[in-house]
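Each remark here refers to the structure printed beneath this line.
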Amino acid sequence: MGSWHIIFTLGIFLAAGLLSGTLGELFRLPKVTAYLLMGVILGPALLDLVPHKHIEELEPLTDLAMALVLFGLGNHFTLSRLRRLFHRVLPLSLSEILATFFIVYVGLLLVGESGSAAILLGALAIATAPATTILVLREMESEGPISEYTGILVALNNLASIIAFEVIFVAVLFLKGDSAGGSVFSGLAHLGMDIFGSIFIGVFGGFMISYGSSIIKGSRRIIMFVGLISLALGLCRTMELPYMLTFLAMGFTVANSLAEEEVPKVEKELYPLTGFLCVLFFIIHGVELKPKQFMEAGLIGGSYIALRLLGKYFGILVPAKMRGEEPEVSQWLGTTLFAQAGAAIALSAIAVGRDEVLGTHLQTIILGSVVFFEIVGPIMIRQSVLRAGEVPLINAIHHTAGDPISEFQSMIRRFLVSFGLLSEIDQPPDLILVEQLYRKNVKGISQTATFNEVISFIEHSHDNTFPVLGPNEEVVGVIRYQDLSNTLFDPKIGSLVRAADLANNLETVVYPDDSLARVWTKFREGSYDCLPVVAREQPHRMLGIIRRWEILKYYIKGHRSAQSNDSK
């Protein structure tokens with residue numbers, strides 16, 4: 001593949017991210033899954049468009065993305081919150097970790113895997129992809145016990161996986177006779193120093209961020225945040241420390257050493273950069289996925305996938321039912337832990353360096369299964385919080401405001417007017433009537449429409465206000481898209497709720513003989529993007545709608561015409 005400047009590759013990734021995010025909304029996929037699939041398309045698996053060396057050169061940006069996500073996750077772990085949740089989450093976590101480990105270990109032994117590989121794969125199976133999991137939850141803006149428990153479980157999973165893998169690998173090498181007896185203790189001591197060093201850097205960096213936040217204000221704060229996080233990341237990479245622990249510890253320290261009201265401000269300031277880098281992270285990660293390795297993993301790889309899914313699901317289901325957790329927690333919490341990537345890939349790469357034969361076998365299984373877990377995992381996370389009723393209705397449906405064709409026409413019109421190629425309309429707004437502008441071929445929602453029919457109507461509309469109609473096509477109320485942000489999506493009410501239950505009382509209507517000036521006053525008094533146009537006679541039969549932006553367009557024209565006349 002011929003090479004070009006890396007900035008061009010960066011542009012390809014960002015354009016692909018924009019396109020895949022739009023397609024993800026269209027096909028109701030989590031954006032993370034859409035980014036990964038787009039990366040697979042751009043990568044060697046299909047089009048092979050990206051110079052391979054550029055992926056390595058962009059690795060520092062993907063590392064920084066992961067660091068920011070982990071830092072944000074740590075920001076949610078205040079001591080008061082952990083004390084409140086730990087007695088409920090810890091038994092679930094221990095059960096899920098042990099169930100995943102033993103189900104994968106024993107299951108792989110039964111299908112013919114060697115003992116050394118099976119037990120190490122059991123340790124790797126515990127790990128859960130933090131960036132994938134947390135970003136899907138953020139995208140869905142979910143709130144509730146499942147969303148709350150998941151963050152803690154992800155952190156504990158990865159910590160347990162790292163420790164278990166390192167301890168077991170030392171034991172495996174010792175039993176194979178590849179190490180002297182004394183090296184077992186040195187290996188464990190090295191592991192302890194790695195963990196201590198990672199946490200120490202994170203805690204120290206967290207105190208620096210908290211202190212800096214109190215004395216540095218304005219736009220310089222973002223420089224301080226990114227600078228300290230980058231320094232910590234660089235130090236971990238230089239010393240070959242597991243940086244996941246560093247940034248969890250850093251976020252935890254900030255959450256507990258900074259004023260409570262300041263912690264959300266830190267996350268808010270970092271969020272645009274985190275979102276930008278995560279688009280690159282997942283597209284690049286998708287480029288690196290190799291679907292062929294999924295097939296190469298064979299029976300062992302397929303068994304590893306199935307056994308890990310069983311371990312995660314039943315490891316939560318059984319103890320949650322025994323402890324009397326809510327049914328949604330029992331049924332859906334385990335499925336939020338399916339995603340797997342970074343930690344498992346990194347540990348399998350370490351294994352290759354220690355034992356090439358065993359490590360290469362482990363890496364083949366992990367890289368092959370990651371293709372499955374990273375595509376299916378985000379979809380299952382999205383479905384879990386949706387089915388548990390923890391997602392605002394506004395995020396559970398696909399709705400695009402604004403008609404793309406009308407917006408394009410408006411853009412071309414503004415361009416032509418700017419160059420004097422299209423004349424302005426000089427007629428003042430108080431002489432233009434609604435009947436000259438309103439859209440006639442617009443339907444409303446029947447008041448007897450089911451909840452699911454309402455959602456379908458909204459998803460196929462480009463407006464944000466939806467008239468609700470009675471039996472004689474009269475307007476009896478409106479449903480406003482913005483009001484749905486306070487409503488949680490509950491799939492169980494689909495056949496019970498009707499449009500009339502969701503509608504607001506009819507406050508404002510427009511008549512065909514109203515002037516634009518009068519209608520504009522109504523728009524300014526409310527937050528509607530469009531208003532129903534109705535017949536004056538009772539009942540107020542719906543004739544169509546008039547949109548705010550269409551009236552605003554004429555006011556802008558009138559203002560320009562007045563300025564032109566004044567200049568003369």
Any idea what the alpha-carbon Rg over 2.2 N^0.38 Å comes to for the chain?
1.16
Provide the per-residue ³J(HN,Hα) series for the stretch 192-200, in order, calculated from phi with Karplus coefficients 6.51, -1.76, 1.60 and θ = phi - 60°, each as a whole number of Hz, with x at glycine and proline positions.
x, 5, 4, 5, 4, x, 4, 5, 4
The simple spin-label model distance between Phe27 and Gln482, using points 7 Å out along Cα→Cβ, in nm, is 3.3 nm
Listed peptides 11-18, 540-547, 339-346 by packing density, highest first (mean Cβ within 10 Å):
339-346, 540-547, 11-18
Set of aspartates and glutamates with alpha-carbon distance to Lys53 below 16 Å, sequence-local pairs under 8 removed:
Glu288
Strictly over 22 Å apart at the Cα level, which of Lys31/Lys268; Lys31/Lys290; Lys292/Lys312; Lys176/Lys312 would you flag in this model?
Lys292/Lys312; Lys176/Lys312
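Could you give the length gained by full extension between Glu507 and Arg237, i.e. 0.36 nm per residue of separation minus their alpha carbon distance, to one decimal place? Spell out each step's value before the answer.
Values: separation 270, 0.36 × 270 = 97.20 nm, distance 6.10 nm.
Extra length available between Glu507 and Arg237 comes to 91.1 nm.
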Could you give the dipole magnitude of the chain about its Cα centre, charging the beta-carbon of Lys and Arg +1 and that of Asp and Glu -1, in debye to the nearest 20?
300 debye
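Please give the peptides 88-94, 367-373 ranked by average Cβ packing (other Cβ atoms within 10 Å per residue), highest first, as a rough proxy for protection. Write down the numbers at each step before the final one.
Values: 88-94: 18.0, 367-373: 23.3.
Ranked by mean Cβ neighbours within 10 Å, highest first: 367-373, 88-94.
Quick note: the coordinates plus some simple rules give every number you see, no bench work behind them. Computed from a prediction, not measured in an experiment: that's the story for all the values here. Reconstructed Cβ throughout: ideal geometry from the backbone, glycine too, with neighbour counts over all protein chains shown.
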